[in-house]
């Protein structure tokens, strides 16, 4: 195999990674705030029913809920978008070290894998796993799909799925007008799982950023990166 020069440089990912980590952490904080808000609403309704609360207490609880839910939705969307952009750029960098065909999914699935039903349960995890293995300095002498999978990626994905399912469970309880105490309890469960997913995601992002910094191909005079191309 020969070597040729590509026009796509090795892209920096640290700034995007830091932004994604901050937003993911903020989303976890707001998940806890949401749990507090849900518990406060349940307490306000119970006290009002028992004759110990007032309509003003109920209105305050509703106001707190709105104050938390709006920003959390915005932060969740922003965190997801920035994370996917960071992952897309990391995948581009991974293709400076491996062939596109070595990866289990085409680059477009870095985005599509999150939004297409059913396959969204495993495509993103496989994409992240392949990107991680592309930069694994200890396995560069092995074909990509023969490299060992990373346990951190597996743990992050499983906890992330649990967090997503927890959020859906809370939403379903609210839509069914379930008892507010039940909603509050499940909101707390969802919040704690979200914290776990956030911690794992932040660690994953940081380690993958560091791996790319360590193993990135040499770039001369800010020019394009030389990479191997099949048949060249």
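The values are calculated or read from the model by the stated rules, or taken from the named source; none is laboratory data. The structure displayed is predicted, hence computed values, not measured ones. Ideal geometry is used to build each Cβ from the backbone, glycine not excepted, and the neighbour counts take in all protein chains shown.
Find the residue count for the range 139-160, including only residues that are touching a helix residue (DSSP H, G or I) at 6+ places or on another chain (Cβ under 8 Å) and either farther than 30 Å from residue 40 by Cα or surrounded by fewer than 17 Cβ atoms within 10 Å (Cβ to Cβ) (or both).
15
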Residue 44 fails exactly one of the following numbered conditions: (1) part of a helix (DSSP H, G or I); (2) crowded, with 17+ Cβ neighbours inside 10 Å; (3) touching a residue at least 24 places away in the same chain (Cβ under 8 Å). What is the number of that condition? (3)
Odd one out for residue 14, checked against (1) crowded, with 16+ Cβ neighbours inside 10 Å; (2) within 20 Å of residue 208 (Cβ to Cβ); (3) at pLDDT 90 or above: (1)
Outside any helix (DSSP H, G or I), within 29 Å of residue 18 (Cβ to Cβ) and either without any contact (Cβ under 8 Å) to a residue 24 or more places away in the chain or out of contact with any strand residue (DSSP E or B) (no Cβ under 6 Å at 6 or more places or on another chain) (or both) - does that describe any residue in the range 155-173? no
Note on residue 175: of the conditions (1) at pLDDT below 90; (2) in contact with a helix residue (DSSP H, G or I) (Cβ under 8 Å, 6 or more places away or on another chain), unmet is (2)
Considering 163, 76, 120, which residue is touching a helix residue (DSSP H, G or I) at 6+ places or on another chain (Cβ under 6 Å), modelled with pLDDT of 95 or more, buried (at least 19 other Cβ atoms within 10 Å of the Cβ) and farther than 21 Å from residue 210 by Cβ? 163
Can residue 8 be described as surrounded by fewer than 14 Cβ atoms within 10 Å (Cβ to Cβ), in contact with a strand residue (DSSP E or B) (Cβ under 8 Å, 6 or more places away or on another chain) and either at pLDDT 95 or above or not in a helix (DSSP H, G or I) (or both)? no
Among the candidates 96, 91, residue that is closer than 26 Å to residue 215 by Cα, crowded, with 20+ Cβ neighbours inside 10 Å and in contact with a strand residue (DSSP E or B) (Cβ under 9 Å, 6 or more places away or on another chain): 96
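If you go through the range 99-112 one residue at a time, do you hit one that is part of a loop (DSSP other than H, G, I, E, B), on the phi < 0 side of the Ramachandran plot and in contact (Cβ under 8 Å) with a residue 60 or more places away in the chain?
Going residue by residue through the range 99-112, those that are part of a loop (DSSP other than H, G, I, E, B) are 99, 103-108.
Then drop every residue that is not on the phi < 0 side of the Ramachandran plot, which leaves 99, 103-108.
Retained after the next criterion (residues that are in contact (Cβ under 8 Å) with a residue 60 or more places away in the chain): 99.
Yes - at least one qualifying residue is present in the range 99-112.
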Of (1) surrounded by 16 or more Cβ atoms within 10 Å (Cβ to Cβ); (2) at pLDDT below 95; (3) farther than 30 Å from residue 95 by Cα, residue 182 fails just (1)
